[in-house]
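What follows is a set of notes on a single structure, which appears directly below.
Laboratory data are not the source of any read-out in this text; all were calculated from the coordinates shown. Being a predicted model, the structure only gives us computed values, none of them experimental. Cβ sites come from the backbone with ideal geometry, for glycine too, and all protein chains shown count toward neighbours.
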Amino acid sequence: MNELFLQVTVSGLLIGGVYALLSIGLTMIFGVVRIINFAHGELMMLAMYLTFWLHSSHGVDPYLSLLVVAPAMFVLGVAIQRLVVQPLLEAPALMKVFATVGLYIALQNLALMLFTADFRTIQTPYASASFRVGAISVSEPRLYAFLCAILMILVLWAFLKFTLVGKALRAVAENRTVSALMGIRVTRLYLLAFGMGSAITGVAGTLLLPFSYVFPTIGSIYTMVAFVVVVLGGMGNMLGAFFGGLFIGLVESFSGTYVSPAIKEAAYFVIFILVLLVRPQGLFGMGKGNEEVGLK
Amino acid sequence: MKRSAMVVLMMALVIPALFAALPAEAGQAPLKIGALYPITGSLALLGEESWRGAEIARQFRNQKGGVAGRQVEFLRADVPDVNAAKSEAERLISRESMKTLIGTYSSSLSLGASEVSARAGITYFELGGISDQITERGYKTIFRTCPKAQQFSKSQMAFSRDWIGAQLKKKPAELRVSLIHEDSAYGSSIARNLEAEAKAAGVPLTSVIPYDSKAIDLSSVILRLKNDKPDVVVAVSYANDAILIGRQAKELGLDIKAIIGTGGGHSLSGFAEALGPGSDGVFNVDFTQFEVNTKFTPGLTDFVAAYKKAFNGPPRSGHSLTNFMGANVLFDILEKTKGDQDAAKFRAAALAHEAKPGTSATGWGVKFAENGQNVLAETFLMQWQNKKLVTVWPEGPAVAKPTLTRPFSK
């Protein structure tokens with residue numbers, strides 16, 4: 001069953017690319033702002049609705065709508081950081097958790113009220129288009145999503161590596177107290193990080209929509225995936241989130257095909273627990289040198 | 001002075017109280033019924049659709065003077081999950097003193113809520129949940145107007161064996177049938193039935209593939225099917241997963257002769273909208289839908305007109321019609337008890353209540369078995385043809401002929 005094996009690998013990698021992008025959005029917020037954003041999937045849900053709306057009432061191609069969705073999500077992210085998270089920065093960690101959980105419930109129910117519980121999909125000529133490489137079929141929108149995700153990740157990586165702001169962001173992620181002492185304006189970078197995190201998540205949502213669907217409660221599914229990926233890759237670690245995303249995509253695909261589609265979620269949660277037991281800092285976690293994340 | 005002021009005060013207090021007590025004549029008070037439906041959460045779409053049907057039945061009945069001269073009122077409770085279903089049933093019974101509950105769309109919600117009501121000795125009238133278990137727990141106060149899960153499997157296997165088998169010129173034993181099902185109570189109970197019905201029909205199942213309906217990638221289901229090479233796929237899906245399977249089947253070039261859905265997602269107009277021409281040829285076994293021989297379903301046309309007026313659009317699935325039919329049966333029975341909701345009297349009236357097939361808006365007859373199941377509730381086969389779900393089998397309610405079109409190929 002070599003063909004099947006290849007097909008399963010390709011399918012897993014393609015979806016894994018989008019998981020990676022989604023998780024990088026979460027890990028960005030996680031790593032810099034040190035907040036567990038439970039409303040992460042909801043941000044993506046909102047981006048998906050925005051894409052849907054741009055397509056259905058203005059005929060904007062979903063890939064083109066990235067130009068609107070990403071800035072809009074950036075602004076929303078900054079607003080959330082400024083209005084919800086910033087006032088709670090010095091509050092106990094549990095308060096922050098409650099705040100983002102509250103945000104998640106509020107956004108979900110707001111969406112139920114505004115958009116109704118209907119499933120929305122968009123019709124594009126390439127929605128279920130695919131091409132064949134030998135015996136393998138590759139879905140076009142999934143491939144586009146994968147390629148866009150990789151491109152985004154490369155751009156982000158270059159930004160963090162080579163620009164001064166990027167370096168400052170990494171510095172804050174590593175140690176916020178020392179960063180502040182070095183003259184970095186930490187609260188401003190928090191705004192930037194939350195904004196960028198939600199913009200990236202928004203892009204992931206837009207990329208998913210051409211071959212998926214959106215409904216108000218879809219966010220929680222993706223929040224779970226993103227959490228697993230982020231913990232797996234090491235909290236706050238971009239590279240870890242990238243490989244974690246691909247890995248979860250493959251685990252889903254392989255366990256689904258070779259064992260049973262019913263257990264694929266179970267499969268990656270088992271791996272998740274094993275990682276927590278054996279290597280709690282995650283596969284790519286930096287361990288002790290890094291400032292601790294979590295309920296502190 | 002003081003005393004007269006007291007008297008005035010007393011009068012002011014007592015007289016309105018007397019008046020308030022006066023109109024409480026038994027015949028005039030509204031007849032209250034508790035209604036449990038998921039209006040929020042992941043089951044909200046079809047939960048809300050189901051509720052609309054019952055609500056229209058209530059409005060129709062009230063326009064015609066209500067039940068036993070009393071207006072009917074629903075006390076609606078939102079039950080997005082099983083815990084909510086149990087606690088809301090508890091609340092409606094103990095705090096609102098409801099004597100009759102209706103619901104529930106989802107089988108797992110129904111099982112939870114009806115367990116609570118049955119233990120309190122309260123009538124539970126299920127209009128839409130299909131799990132066999134609902135009426136098989138030995139309770140005397142649970143009734144169901146819609147077909148149970150077993151009926152769906154029976155129709156699917158009979159159709160596969162008799163019609164598809166004949167088209168492909170294959171004997172039942174040569175037919176390759178795979179089953180894919182979502183793995184909650186809904187899908188699993190149907191899957192168990194289907195395995196039994198397949199055996200009874202002499203058709204061996206090639207494979208059984210469970211999956212999670214909340215998954216966002218189901219390529220593994222399609223890849224397994226490609227490997228198993230079935231002629232016919234029987235699918236038990238909710239809304240989103242049915243669409244996802246269709247899309248990924250097309251992407252991955254799945255080559256099958258026919259797919260037969262089991263109500264749920266395959267009956268929604270959203271399914272055809274999302275898949276476009278790819279939905280052509282997809283079969284579905286379900287509660288009665290709207291493209292049906294209306295001579296067989298009196299009242300359906302009025303229902304659709306009322307629905308369009310109330311909700312600014314055509315019904316999104318047959319769930320509303322099913323609940324409309326069921327609520328009407330409930331009102332008919334309550335009419336016979338003269339509005340008395342005592343569980344024992346209700347049971348006696350329900351068991352005595354009968355109607356012939358072809359006399360209700362769904363085309364179903366009514367006859368309750370001892371366990372509370374309506375044995376005259378039927379399921380029909382439909383097919384998506386040009387984005388319309390037309391009834392194709394059996395001949396009574398059919399409005400078009402079935403065709404063998406490779407699904408998800410366009």
Please work out how many pairs of lysine residues in chain A are eight or more positions apart (or on different chains) and have Cα atoms closer than 30 angstrom. 9
Using modelled amide H (1.01 Å from N, peptide plane; none on Pro or chain starts), what sits under 5 Å from the amide H of B:Q341, excluding residues fewer than 5 places away? none
For the range B:162-177, 3J(HN,Hα) per residue [Karplus equation, 6.51 cos²θ - 1.76 cosθ + 1.60, θ = phi - 60°, Hz, x = Gly/Pro]: 7, 8, 5, x, 5, 4, 8, 6, 10, 6, x, 6, 8, 5, 9, 10
Where does helix B:343-352 land angle-wise versus the long Cα axis of chain B, in degrees 0 to 90, nearest 10? 50 degrees
FRET efficiency (B:A369, A:L239; Cβ distance; R0 45 Å; to 0.05) is 0.10
Efficiency by 1/(1 + (r/R0)^6): what FRET value for A:V75 and A:L276, r their Cβ-Cβ distance, R0 = 45 Å, to the nearest 0.05? 0.80
Quote the FRET efficiency, to the nearest 0.05, computed for A:V155 versus B:K309 with a Förster distance R0 of 45 Å and r equal to the Cβ-Cβ distance. 0.25
Under the definition of partner shielding as Cβ atoms of other protein chains within 10 Å of a residue Cβ, what is the mean value for peptide B:246-253? 6
For the range B:134-257, what is Rg from Cα atoms divided by 2.2 N^0.38 Å, rounded to two decimals? 1.13
10 Å Cβ neighbours from other chains, averaged over peptide B:239-245: 3
Diffing the range A:118-124: the Karplus 3J(HN,Hα) column from phi (6.51, -1.76, 1.60, θ = phi - 60°), in whole Hz with x for Gly and Pro, holds 4, 7, 10, 10, 10, 9, 10
Tell me which residues come under 5 Å, amide H to amide H, from B:A35 once H is placed; ignore anything under 5 positions away on its chain. B:L75, B:R76, B:A77, B:I102
Between A:L64 and A:F269, what is the label-to-label distance in nm when each label sits 7 Å out along the Cα-to-Cβ direction? 4.2 nm
List the residue ranges in chain A for DSSP H helices whose C-alpha atoms run 30 angstrom or more along the long axis and whose Kyte-Doolittle average is 1.0 or above. A:2-33, A:93-115, A:140-162, A:186-208
Packing-based ranking, highest mean first, of B:239-252, B:220-233, B:106-119, B:156-169 given that Cβ atoms within 10 Å are counted: B:239-252, B:106-119, B:220-233, B:156-169
Can you return the lysines within cross-link range of B:K140? Criterion is Cα-Cα under 27 Å, with same-chain partners fewer than 8 residues away left out. B:K32, B:K86, B:K99, B:K148, B:K154, B:K336, B:K338, B:K345, B:K356, B:K367
Could you give each residue of the range B:238-252 its phi-based ³J(HN,Hα) in whole Hz, using Karplus coefficients 6.51, -1.76, 1.60 with θ = phi - 60°, and x for Gly or Pro? 7, 5, 5, 5, 4, 5, 4, 5, x, 5, 6, 4, 5, 4, 8
How do B:V304, A:V229, A:V270 rank when sorted from fewest to most other Cβ atoms within 10 Å of their own Cβ? A:V270, B:V304, A:V229
